[in-house]
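Q: What follows is a single structure, and I will ask about it in a moment.
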Amino acid sequence: MADRALRGMTIGAKSMESEEGVEFAERQMITYECPLAHVVVIPMALEAEIPQTWECPECGQVAALRGEDEPESDEPKKTPRTHWDMLLERREMDDLKILLDERLEMLRSGEIYRERF
């Protein structure tokens, strides 16, 4: 059985093709920068349509073409609501003060335990 085993390269792991005679498309390096100042450089073909934005591989935010202003959108920017904003929609400030005092008293009495970091 050992006589019939394939020897040499592992099947499917490597290609026997070479880049000899292959003519690559001309490329240009496109630079994007995200709001956290991460720089992303992407090689693209000269005839490719260059997108105005690209997803930053480091943080996932939208990176804009370097040297160009952020593209304007037709939609007005919506400010994200915080946990505090949503809490204030459901409760009054006086109710929140009462809840805070109750929880602080429970913490001080040992009824609830606070882990130390």
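Q: Right, Asp3: in a helix (DSSP H, G or I), among the acidic types (Asp, Glu) and at pLDDT below 85 or not? Even if it seems obvious, please write down each step before you answer.
A: Working: in a helix (DSSP H, G or I): yes; among the acidic types (Asp, Glu): yes; at pLDDT below 85: yes.
In short, yes.
Q: So, one more: Any residue that is open to solvent by 100 Å² or more (accessible area, probe 1.4 Å), at pLDDT below 85 and not small (Gly, Ala, Ser) - is there at least one of those in the range 82-102?
A: No: the range 82-102 contains no residue that is open to solvent by 100 Å² or more (accessible area, probe 1.4 Å), at pLDDT below 85 and not small (Gly, Ala, Ser).
The values are calculated or read from the model by the stated rules, or taken from the named source; none is laboratory data. Just so we're clear, the structure is a prediction, and the values are computed from it rather than from any experiment. Surface accessibility is based on the protein's heavy atoms, side chains included, excluding ligands, DNA and RNA. Shrake-Rupley method; radii C 1.70, N 1.55, O 1.52, S 1.80 Å.
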